[in-house]
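Okay, structure first, notes after.
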Number of protein chains: 4
Amino acid sequence: MSFGTDAKGVYAIATTPFLPDGTLDAPSIDRLTDFYQDSGVTGMTILGIMGEAPKLEPAESRAVIRQVVGRSRVPVVVGVSAPGFAAMRSLARDAMDMGAAGVMIAPTPALRTDEQIVQYFAQAVEAVGTDVPWVLQDYPLTLTVVMSASVVAKIISDHPSCVMLKHEDWPGLEKISKLRAMQKAGELRPISILCGNGGMFLDFEPERGADGAMTGYGFPDMLVELVNLFAAGKRDEAHDLFDAHLPLIRYEQQLGVGLAVRKHVLMRRGVITSDAQRKPGSVLSATARAEVDYLLRRLARHDPRAPV
Amino acid sequence: MSFGTDAKGVYAIATTPFLPDGTLDAPSIDRLTDFYQDSGVTGMTILGIMGEAPKLEPAESRAVIRQVVGRSRVPVVVGVSAPGFAAMRSLARDAMDMGAAGVMIAPTPALRTDEQIVQYFAQAVEAVGTDVPWVLQDYPLTLTVVMSASVVAKIISDHPSCVMLKHEDWPGLEKISKLRAMQKAGELRPISILCGNGGMFLDFEPERGADGAMTGYGFPDMLVELVNLFAAGKRDEAHDLFDAHLPLIRYEQQLGVGLAVRKHVLMRRGVITSDAQRKPGSVLSATARAEVDYLLRRLARHDPRAPV
Amino acid sequence: MSFGTDAKGVYAIATTPFLPDGTLDAPSIDRLTDFYQDSGVTGMTILGIMGEAPKLEPAESRAVIRQVVGRSRVPVVVGVSAPGFAAMRSLARDAMDMGAAGVMIAPTPALRTDEQIVQYFAQAVEAVGTDVPWVLQDYPLTLTVVMSASVVAKIISDHPSCVMLKHEDWPGLEKISKLRAMQKAGELRPISILCGNGGMFLDFEPERGADGAMTGYGFPDMLVELVNLFAAGKRDEAHDLFDAHLPLIRYEQQLGVGLAVRKHVLMRRGVITSDAQRKPGSVLSATARAEVDYLLRRLARHDPRAPV
Amino acid sequence: MSFGTDAKGVYAIATTPFLPDGTLDAPSIDRLTDFYQDSGVTGMTILGIMGEAPKLEPAESRAVIRQVVGRSRVPVVVGVSAPGFAAMRSLARDAMDMGAAGVMIAPTPALRTDEQIVQYFAQAVEAVGTDVPWVLQDYPLTLTVVMSASVVAKIISDHPSCVMLKHEDWPGLEKISKLRAMQKAGELRPISILCGNGGMFLDFEPERGADGAMTGYGFPDMLVELVNLFAAGKRDEAHDLFDAHLPLIRYEQQLGVGLAVRKHVLMRRGVITSDAQRKPGSVLSATARAEVDYLLRRLARHDPRAPV
């Protein structure tokens, strides 16, 4: 199970558990780490956008990395996106020193032209060091930076240390096909592609060429099963499983409120103690919570993993 | 069946059918109008964002209005959003003269502050005339204008001619609840709320207080059935129906490519002759078309309306 | 005096004169046309962003074109940017039929990647016809579309009918230098570059390689004199003239309020009857008007053209 | 000379001096601190947008604060804007512990509605502590957050610890007038207003009601003189001084390249050793440097402070 261009399966985007008073919840971090691995994930990604990274003090970020890396038996990737390269570099170096497998870098929102985007990643790679394996995050909906397939390919070609694409463009199925076609045509070296967007298109992404998923949906065990079904060529069974989860996946994939749903589900499943977020955070209204619980009850008819 | 603050049910967002050479397809417009009504819709909305309105010459827009209004037995709402008030006014007046029930107005993308938004709609209402009933379109994902519930309420309060909210904020369930709570508290007059976003949350919107849907999903007959199930208090049956359609609803709700999916489904259902779009238009790749057809086959197991 | 890749001098961005009641002011359009030509401009551009084009009905746009083209002895360029290609095509064809020298096209605000921008102009050229000479407008501050020098070069290379760049990137001096360097290196064919941004950098743009200005500052006669001074190698005199006008140029270059300043100055100079704008329009407060008049009095000490 | 709602004069936005190898240049920081005070400024603002704050490691930020606060005889304000409240709080508390007079907070770029903006500042004030005096930064051009006068007034009213507005809306003269009118009408408590935007409108802002400037133009001594001339009622002399500097002010006010101009001027004036920026940084081309030097030579004819 290595973190490289041949990585496959599911990388769990980890939430960061807090207690209701806002302090880091170390026991829940341990349980969450174990839970992801018991679910069969091939990797973990911490301190990403859904990990409330900007709400942590620098010392807290390091504590989370140390704890997760120390406990995990699968590669741990650390999100190091930052408004400046100084913070990005120091977090990346610290993470690697503590045993992280690599880092994840997203473009800074102000970028517009292809040249600006390409140059930004050149500077980012220089900042973190060319020896640090990294994941390129392509997430236009939140980051407002749109990367064409050719720009993604250029960045991959420019930087041998880029080993993976976290693909969450929307719509994005054609982009996966384009990148894979470039590789078939010998225009692009191999790279791992794991998909995000909460899993919203994971019923088609593997057939388009994705190696799996990197997302934080509250049922990573189902994501693993789904990717395995596709690997085994069991298309209809995969869709049956996916369709049972889609109402909840869709509900969780709402901007802003999504993290609250995710934490609620993880709490309902007994993994984390509290669904608290640090400010500014979204909160589920009583009605929304009841809606999620209703979706869980409906899911339980098809999937015994759903808590009732 | 009137177009007013008590409007309920489903208003179909109509696509505009073209032949492969780009000319308007009048026979398909007739069939589409009939199809929507046979589906049980309570209204139709033409020349909206998904109606390729900006690709029509002024004379063509008028021709489409005349044809649909002349054939429809339900109220027809005409989208009149435009970069300037002159075009908005002339299209609105022409539409009303031809027998339209009202118009739909979206905010222009440059608006930012609450004041700017409120003022824009004041000028728009002055432009189209205070006697023209209109629908307020709230669609931040595409229009980049974010309206808080209080701004929506202010616009409604300022303009008695505003009879309906086309709600497609995302996430948006709480916004419906807030507006309905304002009405219960006597702070806001009654208004019809119909939901868009391709129906992605129509399994919860009616319980939040929505009066129905205004969207263009390729199965308006299913939307009508769904809204009726909720009206009859049959929650579980409603969810069963919704869940069967969700994989396709989700696929169709992709920005850009969605219209191609929608037209493909309407063509597969025999309603329109061609799925052609005028430029710039999205095109389904062979793989994407096969994916949609696969979803239709899966849907057919639950819903005989799906073409196989 | 031809409109082609060798165009030089000053193209006046014309305002559209209205009477206080909002009707088009035909006598002022004639006076304005004469004024620009008496000022020594080599061309005129009508129905641009500062020409309130979206506030005109289609028939009014045609009337303005007919009147200006009929009276002008210099080439007239018509802005045809529109939310859809149908309106763009019909306005372009009508304008050319009436004797316009060419059209101006700006990118639509939603464009992000290099590929999207390049493709948009390919579709626009197909829409207006490959026989219509056109000006590429590069104005990121208002349009939010950022075009790198290489994208501008690609568009120019793709379309022989593109004869001119209206350069108003900000900052933009290096972009002019880059494009001219590409031409020196034989990588780009000749093209005329006229600069906008209200003239804010016209004290350096000619030395960077610009052929002149395309802007609507209230003193086109000064812009002509300035470009001539640079052509004659009189650098210091050019800067002296520019510096005397800069306080007013800067005041006029404010987004939104700028057009009100411009119309006020043209009215003060006796060219147009009223400084009225159609809604939504900016209005000068009494204080702002007094500030502009103070700047005009200060300018009059250096330039007798300033009205006192 | 206190930092409170009665603050007047010029607060210098300090650049952060680096050596060509990217290390902090402590001797230049001392010289710069002295230079600002010898120029007559009434305050200093460090670690703002033009202070390259995101490029500093947390420890470096603290070192800069300690050094400047230790040396300055005028109040020092520290920019603490950050993507998360944790970093904002810790930097603010550290800064106050080291003797800073207060902090400056800008809205985070994602904010859109009035409610979101008001709520953000409520959370920010809670984060830094209600005992920390702070400056509200209103800078839409770079931050993309547009605050109406009524929103600014609401924030000021909600938070007694807000003592100053850094006004750099563009255009913005009417906003100053509106806020001052609200105060005259008793609707808003007193607050200091200092203007930014590089000083581009400092020839009118004092008459509109501004208390002075908070900007980093390379001639803070001239800014001080200008504000004093206005305070003494010497309007024409103030404009004469301003107009002599406007060509350079305008050149420096270019987004991105502006900081390079500013550092070049400070280096030319002998204040800092190097004009180096940390990556990503703008660099003056040889042509641009020659243009700035030409402007300095022209300025020297009117103002002996300009280096030749």
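The table that follows gives values for the structure above.
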| read-out | value |
| --- | --- |
| Three-way shape call for the protein assembly as shown based on the alpha-carbon gyration tensor, with the a/c threshold at 1.5 | oblate |
| Sequence-separation-based contact order of region A:9-232, relative, with Cα cut under 8 Å and 6+ spacing, percent | 20 |
| Size of electric dipole in region A:48-172: Cβ of Lys, Arg +1 and of Asp, Glu -1, about Cα centre, debye, nearest 20 | 340 |
| Under-5 Å amide H pairs with A:Thr45, H placed in peptide plane, nonlocal only | A:Ala12, A:Ile13, A:Ala14, A:Val77 |
| Trypsin sites (Lys or Arg not before Pro) within region A:225-287: DSSP coil, no more than 15 neighbouring Cβ in 10 Å | A:Lys234 |
| Inter-site label distance for A:Ala63 and B:Thr23 at 7 Å from Cα along Cβ, in nm | 7.3 |
| Identity and axial distance of the chain D residue whose Cβ lies nearest the axis relating D to B, Å | D:Asp114, 2 |
| Peptide C:141-154 - average C-beta neighbours from other chains (10 Å radius) | 2 |
| Likely footprinting exposure, B:Asp169, C:Asp243, fewest C-beta neighbours within 10 Å first | C:Asp243, B:Asp169 |
| Rounded if a/c under 1.5, otherwise prolate or oblate - region D:36-131, Cα gyration tensor axes | prolate |
| Label 7 Å beyond Cα on the Cβ vector: A:Gly99 copy-to-copy distances, nm | 4.4, 7.7, 8.3 |
| Within the protein assembly as shown, percent of DSSP bridges classed antiparallel, to nearest 5 | 5 |
| Under the Karplus curve 6.51 cos²θ - 1.76 cosθ + 1.60, θ = phi - 60°, whole-Hz ³J(HN,Hα) for region D:275-286, x wherever Gly or Pro sits | 9, 5, 10, 6, 6, x, x, 8, 10, 7, 5, 4 |
| Residue order, fewest to most beta carbons within 10 Å, for B:Leu24, D:Leu188 | B:Leu24, D:Leu188 |
| Cβ-placed point charges (K, R +1; D, E -1), dipole of the protein assembly as shown about Cα centre in debye, nearest 20 | 0 |
| Additional length obtainable on full extension of the chain from C:Ala286 to C:Arg305, 0.36 nm per residue less Cα span | 4.5 nm |
| Lysine pair number, Cα distance threshold 23 Å (strictly under), region D:143-286, separation 8 or more or different chains | 10 |
| Between region C:1-79 and region A:238-308, the alpha-carbon center distance in angstrom | 60 |
| Cα gyration tensor category, rounded, prolate or oblate, for region D:160-308 with a/c compared to 1.5 | prolate |
| Using a 7 Å Cα-to-Cβ projection, B:Ala122 label spacings across copies, nm, ascending | 2.6, 4.7, 5.1 |
| Under Karplus coefficients 6.51, -1.76 and 1.60, residue-wise ³J(HN,Hα) of region B:189-198 in Hz, glycine/proline x | 6, x, 7, 7, 10, 10, 9, x, 6, x |
| Region C:207-220 - phi-based ³J(HN,Hα) in whole Hz, Karplus 6.51/-1.76/1.60, Gly and Pro as x | 5, 7, x, 5, 8, x, 10, 10, 7, x, 3, x, 10, x |
| Long-range HN-HN contacts of B:Val103 with modeled amide H, under 5 Å | B:Val78, B:Trp134, B:Val135 |
| Helical contribution to [θ] at 222 nm, DSSP H n ≥ 4, -39,500 (n - 2.57), averaged over chain A, rounded to 500 | -14000 deg cm²/dmol |
| Trypsin sites (Lys or Arg not before Pro) lying in DSSP loop within region D:71-136, provided at most 15 other Cβ fall within 10 Å | D:Arg73 |
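No value in this document is a laboratory result; all are computed from the given coordinates. Given the structure is predicted, the values throughout are model-derived calculations rather than measurements. FYI the Cβ positions are ideal-geometry reconstructions off the backbone, even for glycines, and counts take in every protein chain you see.
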